[in-house]
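First comes the structure, then the notes that go with it.
Every number in this text was worked out from the coordinates using simple rules, so none of it is lab data. On a predicted model such as this, the values are computed, not experimentally measured, just so you know. A quick note on method: Cβ atoms are made from the backbone with ideal geometry, for glycine too, and the neighbour counts reach across all protein chains shown.
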Amino acid sequence: MHSSKRADASTSSQVLSIYIDTSALGRSLLDEPEKPAIEHTLGTFELSVSSSLLRTELRRLGFRRGMLDRVDVLLAGVSLVSVDDEILTEAETITPATVATLDAIHLATAVRLSKVHRLDALMTYDKQLADGARKHGIEVLSPS
């Protein structure tokens, strides 16, 4: 389904964008088995986007693992959306309630982008975030 959508976009001015969370980009940083599939899938989208929270989470992961020098290369390909009071307020009560606090910020950011038709899919390996995204009508990808 998604590949035909991408093929159709080549004949229009539509930009296909994917929201990527830390559970996905962190796998790429750590050279986990999903890395090639993640990178391939990201390459099929014109724009990768995330909350600016991704920068902090990924840099903390890189710092803990002695890989801080590799983080900025990964982040260079991602457009970051600032966390503002509106997103934080939305994250406080975004459904479902099972979504953890930081993932609620990711979800609120993705939902905001989706509402203004600036998001085509969300990439995550977090079950609660994936379930929440689906409940808000966002396609979820977890390539392997």
Under 5 Å from the placed amide H of Val49, counting only residues 5+ away or on other chains, we find Ile18, Tyr19, Ile20, Ser79
From DSSP H assignment alone, runs of 4+ in the chain each adding -39500 (n - 2.57), the sum over residues rounded to the nearest 500 puts [θ] at 222 nm at -16000 deg cm²/dmol
For Thr98, Thr41, Thr93, which order do you get if you count the other beta carbons within 10 Å of each Cβ and list the fewest first?
Thr93, Thr98, Thr41
The correct pair for the chain, radius of gyration to one decimal and Dmax as a whole number, both in Å and from Cα atoms, is 14.6, 44
For the residue pair Leu88 and Thr44, what label-to-label distance in nm results when each label sits 7 Å from Cα along the Cα-to-beta-carbon direction?
3.7 nm
Taking a ≥ b ≥ c as the square roots of the eigenvalues of the Cα gyration tensor, with a/c under 1.5 meaning rounded and otherwise prolate when a/b exceeds b/c and oblate if not, the stretch 38-88 is oblate
Using a Förster distance of 22 angstrom, determine the FRET efficiency expected from the C-beta separation of Arg59 and Thr98, and round it to 0.05.
0.25
Kindly list the residues of the stretch 34-63 that lie in the label zone of His136, defined by a backbone N under 16 Å from the point 7 Å along the Cα-to-C-beta vector.
49-54
